[in-house]
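The values are calculated or read from the model by the stated rules, or taken from the named source; none is laboratory data. Because the structure is a prediction, the values reported are computed rather than measured. Here the Cβ positions follow ideal geometry from the backbone for every residue, glycine too, while neighbour counts run over all protein chains shown. Just the protein is used for accessible areas: all its heavy atoms, side chains included, with ligands, DNA and RNA removed. Shrake-Rupley method; radii C 1.70, N 1.55, O 1.52, S 1.80 Å.
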Amino acid sequence: MYDLIIRQALRTDGSLTDIAIQGGKFAAIGTLAADATARQTLDLQGKVYASAGWIDSHVHCYPKSPIYHDDADLIGVACGVTTVADAGSTGANDVDDFYQITRTAKTNVYAFLNIARTGIVTQNELADMTQIDKVGVRDAIARNPGFIIGIKARMSSSVVGQNGIRPLVRAKEIQQENDDLPLMVHIGNNPPNLDEIADLLTSGDIITHCYNGKPNRILSPQGVLRDSIKRALSRGVLLDVGHGTASFSFEVAELAIRQGILPHTISSDIYCRNRINGPVHSLATVMSKFFSVGMTLPQVIDCVTSHAADALRLPAKGRLEVGADADLTLFEQRFAPQVFVDSEGQSAKGESLLVPLAAVVAGVTLLTEEGKSAHVF
């Protein structure tokens, strides 16, 4: 007997599959025998999609942060998201407290550690180089193995002040001294110039806010990809959306995607204010915007499942495979005219919206508000 069987789930390629879960892992995927039994069975009747659990690789959910904060489950399982990675809300001073808080969450929570010991308690945490404490970072990582999955450096003028590229040079040193953990780099207004930033990055590093509409963006004034970004991508640097309040432009995304410059990961940069007031609202909303700029359902889902798991180096997540963690997102794609708004206040028309109905975390089914009213459950 299995813990959970999901029958007739729709996959993004249009095929149907059964999924069996035992002990928090995927135990069987494919066509299950008619007499297979489980403590709980869901029959999706070929009407509801099931993908590996969605991963939002850039959120802010340390509830004590004075600037960017939220509740992990409000942006996680309540929105069909099974795993979130907080992108630098905490530094070495507060990450232990953050870890303890997340132990009660139903959502899987991980953290990129801010290289500034204070994290984001002000908007200019890297304007003082003494905030970057290599020993403090090393010790925090050692105290929180498996929770801290990377480091974060915000490289825009308002954050670094007069320090230019120096905080990123320090971040690369920290990375090399700590088993080459993933490094996420926020880009925004210059200085430092994006070319300086990109030329320092190496394979597996993540550029977040990749489609921002600011002058210091990945496209030249002529609308073509900067040479420095071409070189970075050829070295294996990854592009992350990190939508946020001020960091996503439909125009930039459409121009880039038309040239084949797709995001590796789609993330929300969500926190309480842009969740409630927009333009983010949820990861599903951000994902839905990418249909308007030329991406397909399988491409979008890959960006929040297998691609995100690879970027965060979470090999047990992001895939519908036997032996992987039994995290699933059950969702519908509803077709009706939509109007989406980017971070520049510009709108784009859409024809479909992704609607999460449930998050399954380690085999436990958690319905969203939409899922509670869905007849299939």
Exercise for the section: For Lys106, state whether it is buried (at least 20 other Cβ atoms within 10 Å of the Cβ), in contact (Cβ under 8 Å) with a residue 40 or more places away in the chain and of a type in the set (D, E, K, R). Expected result: no
Problem - Total residues in segment 256-305, condition under 19 Å from Leu10 (Cα atoms) and outside any loop (DSSP other than H, G, I, E, B) - result: 10
Exercise for the section: Specify the residue that is farthest from Thr296 (Cα to Cα); the eligible residues are those in segment 5-17 that are within 27 Å of the chain's Cα centre (by Cα) and either small (Gly, Ala, Ser) or in a strand (DSSP E or B) (or both). Expected result: Ile6
Completion exercise
All conditions in (1) assigned to a loop (DSSP other than H, G, I, E, B); (2) within 18 Å of Leu312 (Cα to Cα); (3) free of Cβ contacts under 8 Å to residues at least 40 places away in the same chain are true of Asn124 except (2)
Practice task
List every residue pair whose Cβ atoms lie under 7 Å apart, where the two residues are 6 or more positions apart in sequence or sit on different chains, the first residue falls within segment 288-317 and is free of Cβ contacts under 8 Å to residues at least 24 places away in the same chain, and the second residue, located anywhere, is assigned to a loop (DSSP other than H, G, I, E, B).
Solution key: Ala316/Ala324
Exercise for the section: Go through segment 109-128 and count every residue that is crowded, with 22+ Cβ neighbours inside 10 Å and either modelled with pLDDT under 95 or more than 28 Å from Gly80 (Cβ to Cβ) (or both). Expected result: 4
Practice task
Answer with yes or no whether Thr296 is on the phi < 0 side of the Ramachandran plot, surrounded by 23 or more Cβ atoms within 10 Å (Cβ to Cβ) and modelled with pLDDT of 95 or more.
Solution key: no
Handout entry: Candidate set: segment 328-377, residues that are farther than 26 Å from Asn108 by Cβ and of a type in the set (Asp, Glu); chosen: the one most open to solvent (accessible area, probe 1.4 Å)
Key = Glu351
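Per-residue answers, yes or no, for (1) part of a loop (DSSP other than H, G, I, E, B); (2) open to solvent by 10 Å² or more (accessible area, probe 1.4 Å); (3) over 30 Å from Gly30 (Cα atoms); (4) modelled with pLDDT of 95 or more:
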{"residue": "Thr41", "(1), (2), (3), (4)": "no, yes, no, yes"}
{"residue": "Gln45", "(1), (2), (3), (4)": "yes, yes, no, yes"}
{"residue": "His58", "(1), (2), (3), (4)": "no, no, yes, yes"}
{"residue": "Pro63", "(1), (2), (3), (4)": "yes, yes, yes, yes"}
{"residue": "Leu74", "(1), (2), (3), (4)": "no, yes, yes, yes"}
{"residue": "Val84", "(1), (2), (3), (4)": "no, no, no, yes"}
Exercise for the section: Would you confirm whether any residue within segment 197-209 is buried (at least 19 other Cβ atoms within 10 Å of the Cβ), assigned to a loop (DSSP other than H, G, I, E, B) and in contact (Cβ under 8 Å) with a residue 60 or more places away in the chain? Expected result: yes
Exercise for the section: Just need a number here: residues in segment 47-56 that are part of a strand (DSSP E or B) and farther than 15 Å from Ala362 by Cα. Expected result: 2
Problem - Enumeration of residues in segment 128-162 that are part of a helix (DSSP H, G or I), over 17 Å from Ala198 (Cα atoms) and of a type outside the set (A, V, I, L, M, F, W, C) - result: Thr130, Gln131, Lys134, Gly136, Arg138, Asp139, Arg143, Ser158, Gly161, Gln162
Practice task
Give segment 86-97 a look and list any residue that's surrounded by fewer than 24 Cβ atoms within 10 Å (Cβ to Cβ) and out of contact with any Lys or Arg (no Cβ under 6 Å at 6 or more places or on another chain), or say none.
Solution key: Asp94, Asp96, Asp97
Problem - Residue that is part of a strand (DSSP E or B) and either closer than 21 Å to Thr17 by Cα or of a type in the set (Lys, Arg) (or both), where the choices are Pro356, Pro337 - result: Pro356
Handout entry: Residue among Ala20, Ala50 that is over 28 Å from Leu353 (Cβ atoms), out of contact with any helix residue (DSSP H, G or I) (no Cβ under 9 Å at 6 or more places or on another chain) and either among the β-branched types (Val, Ile, Thr) or open to solvent by less than 10 Å² (accessible area, probe 1.4 Å) (or both)
Key = Ala20
Problem - Count of residues meeting criterion [over 17 Å from Pro263 (Cβ atoms) and surrounded by fewer than 18 Cβ atoms within 10 Å (Cβ to Cβ)] in segment 210-226 - result: 6
